[in-house]
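For reference, the structure is listed below as structure tokens.
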């Protein structure tokens, strides 16, 4: 088939990852010659993302079958990616993420390894099966920084950053998310790695509300992580990265200890890097904090297509002290 050479090139690009993890992206859309398709490997399971504007269509079965054979996968699950996932109803989400595999046997759960840490994956669990692969390098960064530190993981999802912090020797890792289901999943991830999670460190709630609470108490953390969805709505707030990131960054800076780190992320192709950086800097006004590094998705398995821009924006911020103004 004419796609075989493109598959071979894509797999060769990622060959070195196998020594570090069994969870990574095998195909990344146009950068690998497949504009409407991305495929992730989670151990023995493949998850194919079809970018068809949320309208389920026929998946490229011959291509996926060949990829499954090369990757020795037991099953392939399909996700039809919408334009904006966070705006969908639960019913709409379910229609875009069929619970049964397209190919192979049903795999309710599998466990992947990343730099020696273990994470629970549920391939049929909606549009996101449990681990954001493009944050792999930054989970490892958090692990390297976390010794004896307090860590606040905002928009925690299944608490990958929290697990990395515990593995790095954090004195405490607090995870906040609006979903109890995801936080329960996060506690399972901690247990998989030999930790005994304290339920008090898994907070179901609105991040904006909790950042304000911590600020009023004068409670600070040595490392704060912001990895919000592009858009979300809770009973307390409506959030958009394009409109509200400055406020979010300000609240997070206010609870980052002097000398501490703030890791601010935005997964939004529509938000230019320059605009994201400007919003972060706006939020840092009144703090002697500085951006020390800008980053994006890992090139090895999330290459940027010619003429395109990175979709993931990351600002690594060092917080010194609160200004006197």
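Could you order the peptides 310-319, 193-202 from most to least packed, using the average number of other C-beta atoms within 10 Å per residue? Mind showing how you got there, number by number?
Working: 310-319: 21.1, 193-202: 14.2.
For the peptides 310-319, 193-202, the packing ranking is 310-319, 193-202.
If r is the Cβ-Cβ distance from residue 300 to residue 270 and R0 is 35 Å, what FRET efficiency results, to the nearest 0.05? Numbers along the way, then the final one.
Details: r = 25 Å, r/R0 = 0.70.
According to the calculation, E is roughly 0.90.
When the chain is fully extended, how far beyond the present Cα-Cα distance does residue 36 get from residue 70, taking 0.36 nm per residue of separation?
Details: separation 34, 0.36 × 34 = 12.24 nm, distance 2.05 nm.
Separation in residues times 0.36 nm, less the Cα-Cα distance, equals 10.2 nm.
Over all distinct alpha-carbon pairs, what is the Kirkwood Rh of the range 65-184 in angstrom? All intermediate terms of the calculation are to be shown ahead of the outcome.
Values: mean 1/r = 0.0627 Å⁻¹.
By the Kirkwood definition, the hydrodynamic radius is 16.0 Å.
In nm, to one decimal, how far is the modelled label at residue 16 from the one at residue 277, with both set 7 Å along Cα→Cβ?
Going from the residue 16 label point to the residue 277 one covers 2.6 nm.
Provide the gained length on full extension for the span residue 209 to residue 195, in nm with one decimal, where the gain is 0.36 nm per separating residue minus the Cα-Cα distance.
Working: separation 14, 0.36 × 14 = 5.04 nm, distance 2.79 nm.
Difference between extended and current length: 2.2 nm.
Take the Cα gyration tensor of the range 167-250, multiply each eigenvalue by 5, square-root it, and list the three semi-axes largest first, rounded to whole angstrom. Don't skip to the answer; put the middle values down first.
Details: eigenvalues 114, 50, 28 Å².
Its equivalent ellipsoid spans semi-axes of 24, 16, 12 Å.
Would you mind computing the Rg to Rh ratio of the chain from its alpha-carbon coordinates, Kirkwood style for Rh? Write out the running numbers ahead of the final one.
Values: Rg = 19.6 Å, Rh = 20.4 Å.
Result: Rg/Rh = 0.96.
Quick one: P(r) of the range 235-325 from all Cα-Cα pairs, 5 Å bins, percents rounded to integers, in order of increasing distance.
Final binned percentages: 3, 14, 24, 22, 16, 13, 7, 3, 1, 0.
For the range 125-209, how big is Rg over Rh, using alpha carbon atoms and the Kirkwood form of Rh? Could the numbers behind the result be given before it?
Values: Rg = 11.8 Å, Rh = 12.6 Å.
That ratio is 0.94, to two decimals.
Can you check what the Kirkwood hydrodynamic radius comes to for the range 4-121, Cα pairs only, in Å to one decimal?
Every distinct Cα pair counted, the radius reaches 14.9 Å.
Note the full-extension length gain between residue 180 and residue 285 as 0.36 nm times their separation in residues minus their Cα-Cα distance, in nm to one decimal.
On the way: separation 105, 0.36 × 105 = 37.80 nm, distance 3.35 nm.
Between residue 180 and residue 285, full extension yields an extra 34.5 nm.
Mind checking the angle between helix 207-217 and the chain's longest principal axis? C-alpha axes, 0 to 90 degrees, to the nearest 10.
Tilt of helix 207-217: around 20 degrees.
So, in nm, how far is label residue 109 from label residue 95 when the simple model puts each one 7 Å beyond its Cα toward the Cβ?
3.1 nm
What is the ratio of the Cα radius of gyration of the range 146-291 to 2.2 N^0.38 Å, with N the residue count, to two decimals?
Relative to the rule-of-thumb radius for its length, the range 146-291 sits at 1.00.
What does DSSP give for the chain in terms of the percent of beta bridges that are antiparallel, rounded to the nearest 5?
Numbers: 36 of 59 bridges.
Bridges in the chain that DSSP calls antiparallel: roughly 60 percent.
Can you tell me the 0 to 90 degree angle between the C-alpha axis of helix 241-254 and the longest principal axis of the chain, rounded to 10?
For helix 241-254, the angle is close to 50 degrees.
Please give the helix 180-192 orientation as an angle from the longest Cα principal axis of the chain, in degrees from 0 to 90, rounded to the nearest 10.
It is inclined by approximately 80 degrees.
Considering only DSSP beta bridges with both partners in the range 195-293, what is the antiparallel share in %, to the nearest 5? Walk me through the numbers before you get to the answer.
On the way: 3 of 8 bridges.
If we restrict to bridges inside the range 195-293, about 40 percent are antiparallel.
No lab work stands behind these numbers, since they all come straight from the coordinates. In this text, all values refer to a predicted model and were calculated from it rather than measured experimentally. Ideal geometry is used to build each Cβ from the backbone, glycine not excepted, and the neighbour counts take in all protein chains shown.
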